[in-house]
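Notes to accompany the following structure.
The values are calculated or read from the model by the stated rules, or taken from the named source; none is laboratory data. Please read all numbers here as calculations on a predicted model, not as lab measurements. Counting neighbours? That spans all protein chains shown, and the Cβs are built from the backbone with ideal geometry, glycine included.
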Amino acid sequence: MNNSGTFTKLRSLSLLRQLSNCSDSTCLQALSNSVCWSIYLEQGKITYATHSVEPFDRLERHLRRLGHQIPLLTSEVRVQVRLMFEPDSHTQLIKDDSNSKSHPPEYQAISWLVSQQHLHSTQAAVLIQELVKEVIESFLLIKEGTYELTEPIDRMPRICRLDVEKILERCQIRLENWQAFIPQISSPYQRPYLLMNSKIEEEDLPKLQPDLIDWMKGFSLCHLATILNQDEIQLARNLYPYILKGAILLHEPDPPYDQLPKIFEAQCLERATPTFLAKLITDIADTKQELNTTLNSYPDISQENIAPVPQLPQISEPPKENFQEPTTSNNINLASQRVTAATVTVKKVHKIVSVDDSPTILKEISYFLENENFSVVTINDPVKAVLSIIRHKPDLILLDLNMLGIDGYELCRIIRNNLIFQKTPIIFVTGNKGIVDKVKAKFVGASGYLTKPFTRAELLKIIFMHLT
């Protein structure tokens, strides 16, 4: 097999199948539309897969789902993982050859979670299986690009090995299910908005879950599904009739998710005949129903899909004492919660306080959040910030680090000393990117770190982490 070359949509599938017959360890790296996919294989089995578009956001979503069943996997643990392992720039992972050959940072984070006993190795295997399926699903949609086979550096222990054909089968079923929504839905990262106007009759409005109404402004289908602990396809299926009626509008994905390949391309649909479309819908209706019900929890590990590996050695810190095996708690079931058209305008508004001595930054934050379900209070005098924060009692605080009069570290320490705000998320907004700054931020009680300059998507992402 060639070690490099170009491929088409069909070639991406063929490449994986060829590699599943190889006995060597290798890393398949593919590049298309500025997105880099890395698929790690050992003796024909997949040990991990990732791509360069927000890998820690992807990890965060799957950890949150798993967290419904694992009490030890708290939000504090997830924040600690990002502070410890998330690089400042994901583009460096593509440019640095030495990094590209080693296991990616989010894989190291998963290994650390196992070594610290926040995750059992079996639970980590399920987590990796779901991450791999999401990455391979997008990989199969690539129309053209380049690939290279490299030899991975064994720096991290293996958690599991996944059967290639089983993963491909699952991904193809999901893609067939997604195609049932064409042309209205072209990406799981499209953002639904509830449209309220006089032309929509009450009986045409969806019976939506209250939490879905709260967050259906700015968050993608993928992120909304995580908030509701649902499968993305099931959520799309629930919303699809009302997208057709015009009660819900879909906006295109925010950067960088717009770089990922779409489920279909508009120009391809324009060339399709009515007969072709009718046959496509019929074929999709006849496909397997494996994912036609809500997946409120992660699937059990199948021995024919995941090959077990020995228990991981400890990493960096000694194991905690009195470790309890996580027990499965009741999954969140929001399906029974309904809201009628008469109550659809009642929304929970989250209050956010932003402290910064730069009017430009305050204006930018207000602009990014003005059409969302947030009430933003801006404070440009850090000396008076504490009294204002006590008065407003926000759900989340955005705090600049470098301010005149008092710096963000000291202000954070003062806020945390107040019993009211010991659990309130405090996010540092700063241009500092050093590891020392992140360690100091954690020491004074910061919940997260937003680096300037930031995009609207990055701001919403960190709010998603802490308010949902």
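Brief remarks on what is shown
- Top-ranked residue in the stretch 428-468 [being hydrophobic (A, V, I, L, M, F, W, C) and not in a helix (DSSP H, G or I); ranked as farthest from the chain's Cα centre (by Cα)]: Val444
- Just one residue in the set Ile435, Ile390 is modelled with pLDDT under 85 and not assigned by TED's automatic domain parsing to the domain that holds Glu60; that residue is Ile435.
- Each residue in the stretch 357-377 was checked for being farther than 22 Å from Leu224 by Cβ and in contact (Cβ under 8 Å) with a residue 40 or more places away in the chain, and 4 of them qualify.
Let's see how each residue does on (1) in contact with a helix residue (DSSP H, G or I) (Cβ under 7 Å, 6 or more places away or on another chain); (2) at pLDDT 55 or above; (3) of a type outside the set (Ser, Thr, Tyr):
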| site | (1), (2), (3) |
| --- | --- |
| Pro313 | no, no, yes |
| Ile332 | no, no, yes |
| Ser366 | no, yes, no |
| Ile379 | yes, yes, yes |
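- Across the stretch 420-437, the number of residues qualifying as surrounded by 20 or more Cβ atoms within 10 Å (Cβ to Cβ) and in contact (Cβ under 8 Å) with a residue 40 or more places away in the chain comes to 2.
- Only listed residue being part of a helix (DSSP H, G or I) and either outside the structural domain of Gln117 (by TED's automatic domain parsing) or farther than 17 Å from Gly448 by Cα (or both), chosen from Leu59, Leu66: Leu66
- A residue that is closer than 17 Å to Phe464 by Cα and either crowded, with 18+ Cβ neighbours inside 10 Å or modelled with pLDDT of 95 or more (or both) can be found somewhere in the stretch 174-189.
- Output for the stretch 140-151, where each listed residue is out of contact with any helix residue (DSSP H, G or I) (no Cβ under 6 Å at 6 or more places or on another chain) and either outside the structural domain of Thr50 (by TED's automatic domain parsing) or not in a loop (DSSP other than H, G, I, E, B) (or both): Glu144, Gly145, Thr146, Tyr147, Glu148, Leu149
- Matching residues in the stretch 378-393 - criterion: being surrounded by fewer than 17 Cβ atoms within 10 Å (Cβ to Cβ) and more than 15 Å from Pro425 (Cβ to Cβ): Asn380, Asp381, Val383, Lys384, Leu387, Ser388, Ile390, Arg391
- Where helices (runs of 4 or more DSSP H) fall entirely within the stretch 211-299, those with at least 1 residues that are under 23 Å from the mean Cα position of the chain (by Cα) and at pLDDT 90 or above are at 221-228, 232-245.
- Qualifying residue in the stretch 394-415 (condition: surrounded by fewer than 20 Cβ atoms within 10 Å (Cβ to Cβ) and within 24 Å of the chain's Cα centre (by Cα)): yes
- Where Ala441 falls short, out of the listed (1) in contact (Cβ under 8 Å) with a residue 60 or more places away in the chain; (2) of a type in the set (A, V, I, L, M, F, W, C); (3) under 17 Å from Ile365 (Cα atoms): (3)
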